[in-house]
Amino acid sequence: MLKRIISELKRHAPFTALGALTGSAVMAIIVFGDVPSEVSHTIFYILHPLHVILSALVTTAIYAKYRKAKLWAVFLIGWTGSIGIATISDAVIPYLGGSLLHAQMEFHVPFIEKWWINLLALGGIAIGLRKQTTRIPHAGHVLLSTWASLFYFTSFGVANWIPLLPFVFLFLFLAVWIPCCTSDIVYPLLFVRESADLPLQHGDEINHS
C-alpha cells in the first residue's frame, strides 16, 4: 500500500505542477483583467460540482472493483470519498492557504450551500458502480481540480494576489496532489483489506485528481 501511494504521488507530481502553473497564470489574467468576483463565483460552482462527480465515479469504481459490498456501503464510501475530499481540495485548503497569506478569506462549504451537489455525487457513484473503470484522462482532472481551487481564492478571498503568486502556486499544488491520491487510492482501499496490497490489473489507471 505504502509503495503504491508513493508511486502514485510521484506519478501525479508533474501533471499537478503543470496544472498549478496554469492556475497561477489564470489568476494573473483575472487580476490584470479586473474580473469581478461574481464571475469567479459562478465558475467555481461549475468546476467544483464536476470535480465531485468525477471523484465519486473513480472512488466508487475502485472500491466496487476490489470488494463486493452492500449497496449502502458503496454509496457511503463513494459519497464521503468524493464530497469530503473534493471539499478539502477545492475549499478547505484554499481557505487555509489564503488565511496563511493574510488574505481576507470567507469560508464556504459548497455541498451545504448548494444542496444539489450531493445529488451529483450520487450520480457519479451510480456511474462508477455500473461501469467500474477509471480510465479517464489525468490531465483533464488535474486542471479541473486546480482551477476549482483557484476560483475559490478569487471568489471568496481578497488580496494583492500578484506578489503572492508563488505561494498560490504552492497551495494549488498541494490542494490537488495529496487529496487526489487520498481520494482515488488510499481511501477506497482502506476498506478493501484483502485486496489492498494487490497490484492494479493491467489497463487500470487511477489517474484522477
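What follows is calculated from the coordinates using simple rules that are stated; it is not laboratory data. All values reported here derive from a predicted model rather than from experimental measurement. Reconstructed Cβ throughout: ideal geometry from the backbone, glycine too, with neighbour counts over all protein chains shown.
Annotations
- Cα Rg over Rh - segment 14-172, Kirkwood: 1.01
- FRET efficiency, residue 70 to residue 115 (Cβ-Cβ, R0 25 Å, nearest 0.05): 0.45
- Cross-link partners of residue 70 among lysines (Cα-Cα below 26 Å; sequence separation of 8 or more within a chain): 131
- Taking 0.36 nm per residue of separation and subtracting the Cα-Cα distance, full extension of the segment from residue 11 to residue 102 would add 29.5 nm.
- Exposure proxy shown here: for 131, 3, the number of other Cβ atoms within 10 Å sets the order, fewest to most, as 3, 131.
- Relative packing of peptides 100-107, 38-45, 146-153 - highest average C-beta neighbours within 10 Å first: 146-153, 38-45, 100-107
- Working note: Cα gyration tensor of segment 138-179, eigenvalues times five, square-rooted, sorted largest first, giving semi-axes of 19, 11, 8 Å.
- Gain upon complete extension [residue 22, residue 3; 0.36 nm per residue less C-alpha separation]: 3.9 nm
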